[in-house]
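Please read the structure below before turning to the comments.
The values are calculated or read from the model by the stated rules, or taken from the named source; none is laboratory data. Since the model is a prediction, treat every value here as computed from it, not as a measurement. Glycine gets a Cβ as well: all are built from the backbone with ideal geometry, and neighbour counts include every protein chain shown. Note: areas computed on protein heavy atoms with side chains; ligands, DNA, RNA excluded. Shrake-Rupley method; radii C 1.70, N 1.55, O 1.52, S 1.80 Å.
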Amino acid sequence: RPPRPARAPLTMPAVPRVFWLAAAVLALAGLGWFGYTRLRPPLPTVTALAPTQAEPRQALVMTGSGFDTEPRGNTVHVGARTAEVTSASATQVTVTVPADVDSGGSPDVPVIVETRGGRSNPIFLRVRRLPRGLKLETDVALPGDEVAVVGQNLDVQPLTVRVAGIPVDIIEADAGRARFRVPAAV
């Protein structure tokens, strides 16, 4: 038999180095994005507040998902103030409503949780400021005498004070003190 003619070796078309460099960069970028999305903590989501109406210094429980399990890993903003986080789990965060929370004219303030994963959706809390009488400046008074009650949020309108179940006339009231006259029917 006659010898076979020699075949020319197969040659690949020449691929420029720029193509291989671009392919390597795209592969690394894809791996980086995949790792980032897998390792990044989830975005926190607030679904409910309990109670939906609260006073300053009252405990507030937020329910949702994506919270940090460490209390210091969650930053909770109530309006423009930062609340103190007292406990935290992956689905609940408990805070104390700041004493100086400002409703800015509206009784509803946004509550937002911030973690390493980002900021949550805002959910609104109705801030109530109820009047509280803490003590009387005069322990004993006769009908017709002026008495002052010392407390908090006593400048709400209308302020109602009762002595032995009888409404009294308010002489003067500010945030911390209200003066009234003891009714004659007492």
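Among the criteria (1) of a type in the set (K, R); (2) free of Cβ contacts under 8 Å to residues at least 60 places away in the same chain; (3) loosely packed, with under 14 Cβ neighbours inside 10 Å, the one R40 does not fulfil is (2).
The test for being surrounded by 10 or more Cβ atoms within 10 Å (Cβ to Cβ), of a type in the set (D, E, K, R) and modelled with pLDDT of 90 or more does not hold for E55.
With respect to being of a type in the set (D, E), under 26 Å from the mean Cα position of the chain (by Cα), at pLDDT 80 or above and assigned to a strand (DSSP E or B), E172 falls outside the description. Evaluate the following for F124: is it within 26 Å of the chain's Cα centre (by Cα) and among the aromatic types (F, W, Y)? Judged against the criteria, F124 is a match.
Comparison of E84, E55 shows that the only residue that is acidic (D, E), more than 13 Å from the chain's Cα centre (by Cα) and under 29 Å from Q152 (Cβ atoms) is E55. Every test in (1) in a strand (DSSP E or B); (2) open to solvent by 60 Å² or more (accessible area, probe 1.4 Å); (3) polar (S, T, N, Q) is passed by S87 save one, and that test is (2).
Can you find, within region 97-135, the residue that is nearest to V78 (Cα to Cα) among those that are among the hydroxyl-bearing types (S, T, Y) and open to solvent by less than 30 Å² (accessible area, probe 1.4 Å)? Per the criteria, the residue is S120. Note on region 144-170: residues that are farther than 28 Å from A99 by Cα, small (G, A, S) and surrounded by 15 or more Cβ atoms within 10 Å (Cβ to Cβ) amount to 0.
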